[in-house]
Every structure is written in C-alpha cells, then in structure tokens.
1. Counting only residues that are within 7 Å of the ligand (Cβ to nearest atom) and either of a type in the set (D, E, K, R) or not in a loop (DSSP other than H, G, I, E, B) (or both), how many does the stretch 48-59 have?
2. Answer yes if at least one residue in the stretch 99-110 is part of a loop (DSSP other than H, G, I, E, B), at pLDDT 95 or above and within 16 Å of His59 (Cα to Cα), and no otherwise.
3. For the subset of the stretch 60-88 comprising residues that are over 22 Å from Leu31 (Cα atoms) and not polar (S, T, N, Q), which member is nearest to the ligand (Cβ to nearest atom)?
4. From the set of residues in the stretch 89-104 that are more than 8 Å from the ligand (Cβ to nearest atom) and within 14 Å of the chain's Cα centre (by Cα), which is farthest from Leu47 (Cα to Cα)?
5. Considering only the stretch 111-130, how many residues are of a type in the set (A, V, I, L, M) and either modelled with pLDDT under 95 or more than 10 Å from the ligand (Cβ to nearest atom) (or both)?
Amino acid sequence: MRIRLSLVLLGWLGLAGCDLSATYAPATADLENKHVHDGDAARGFSLVASGSYGCAACHAIPGIRTPKGVAGPPLAGMARRGFIAGQLPNKPGVMVAFLQDPPALLATTGMPNVGLTLDEARDVAAYLYTLEQPDAE
Ligand code: HEC
C-alpha cells in the first residue's frame, strides 16, 4: 500500500513537473509586440548612457562598461523577459509606465522614480526592447 502510494505520488510529481514547464513557458516572452509607439531606441540608449538617470549605477547594461551596478537586475535580455520586476507583464505600455514611475505600479519596488518624461520613457523602453541576448555584455 505504501509503495503504491509513493508510486502514485512519483507519477503525480512527474506530471506536475511537466505542467510546471508549461506554466513557466510564457516567462520567456516572444519578441513580437515589443514595438514602442513613438520610441526612439538610439535616443533611449543615449539617455541611459548619459549617466543622468543613474541606470548603470544600479544595473549592468550591455555596451556600458562602467559602472555596472548590482542593485537591480542586469538589463541584458530584457526584451525576452516575460515580466518586468518579476511581476508586471512585459508589454510596451507597461514598460513605459514602469520606467516613468516604478513605485506607482509596484509599491515595494527597489527601483526609484528617476524622473523620466513620457517621451524619454518611450525612448528608453524602445532601447530596452533591443536587448534580446541575455548574455550580452
Ligand atoms: C537606485 C537604483 C536604480 C536606478 C537608478 C535605476 N534602477 Fe532600474 N531597477 C532597480 C531595482 C532595484 C530593480 C528591481 C525592481 C523590482 O524587482 O521590484 C529595477 C528594475 C528595473 C527594470 C526591470 C528589470 C527586470 O528584470 O524586470 C528595468 C527595465 C529597469 N530597472 C530599468 C532602469 C532604467 C532604464 C534606469 C534608468 C533610466 C533605471 N532602471 C534606474 C534599481 C534602479
């Protein structure tokens, strides 16, 4: 009886394993729908690289050698992530709103409002969606 129960449990866990991979699949987002209306990726990179907003002081960012901050997650592969800050759906409108005022969307987030205007947030979001490779440096 015991053995049979554990076999049933093992089988169930096996199935659960399969289910989990299916559940987690959306976390690696498709690259469709990553177009930011009125966003200019080149301008976005200039804003990020200028240092004015401290992005690189808190994040490792491809193409920016120093600083490579560790307070926030590396931004390489941001286009492929299913979630922003692990919680919000990674869609252009949400990304723009998050960049403009992170605590407005996630009260306990460690990312501060760095004062991007709407236009700047669009440009930065467009730039972030060019970051497709998770291991880019
Ligand atoms: C003071 C540190 C700090 C600064 C400055 C900062 N961030 Fe963040 N950022 C964070 C932290 C911490 C998180 C993680 C938030 C969370 O998980 O709630 C984060 C999260 C993010 C995310 C989501 C990452 C993910 O993997 O989901 C993006 C995108 C982002 N930041 C972009 C930027 C950009 C672009 C700038 C500059 C305009 C910037 N950050 C400036 C600390 C910072």
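The values are calculated or read from the model by the stated rules, or taken from the named source; none is laboratory data. It should be emphasised that the depicted structure is a prediction, and the values quoted were computed from it without experimental measurement. Using ideal geometry, Cβ is built from the backbone for each residue, glycine included, and neighbour counts are taken over all protein chains shown.
1. We begin by selecting, within the stretch 48-59, every residue within 7 Å of the ligand (Cβ to nearest atom); these are 48, 53-55, 57-59.
Restricting the remaining residues to those that are either of a type in the set (D, E, K, R) or not in a loop (DSSP other than H, G, I, E, B) (or both) gives 48, 55, 57-58.
Result for the stretch 48-59: 4.
2. We begin by selecting, within the stretch 99-110, every residue part of a loop (DSSP other than H, G, I, E, B); these are 101, 106-110.
Now narrow it down to the ones that are at pLDDT 95 or above: 101, 106-110.
Checking the rest, the ones that are also within 16 Å of His59 (Cα to Cα) come to 109-110.
Yes: one or more hits.
3. Of the stretch 60-88, the ones over 22 Å from Leu31 (Cα atoms) are 64-72.
In the following step, the residues that additionally are not polar (S, T, N, Q) were identified as 64-65, 67-72.
On the way: Ile64: 11, Arg65: 17, Pro67: 11, Lys68: 13, Gly69: 7, Val70: 9, Ala71: 5, Gly72: 3 Å.
Across the stretch 60-88, the extreme among qualifying residues is Gly72.
4. From the stretch 89-104, those more than 8 Å from the ligand (Cβ to nearest atom) are 89, 91-94, 96-97, 100-101, 103-104; that's our starting set.
Now narrow it down to the ones that are within 14 Å of the chain's Cα centre (by Cα): 89, 91-94, 96-97.
Values: Pro89: 24, Lys91: 21, Pro92: 18, Gly93: 19, Val94: 19, Val96: 14, Ala97: 17 Å.
Within the stretch 89-104, the match that is farthest from Leu47 (Cα to Cα) is Pro89.
5. Initially, the stretch 111-130 is screened for residues of a type in the set (A, V, I, L, M), giving 111, 114, 116, 118, 121, 124-126, 128.
Of the ones still in play, those that are also either modelled with pLDDT under 95 or more than 10 Å from the ligand (Cβ to nearest atom) (or both) are 118, 126.
Residues flagged as of a type in the set (A, V, I, L, M) and either modelled with pLDDT under 95 or more than 10 Å from the ligand (Cβ to nearest atom) (or both) within the stretch 111-130 amount to 2.
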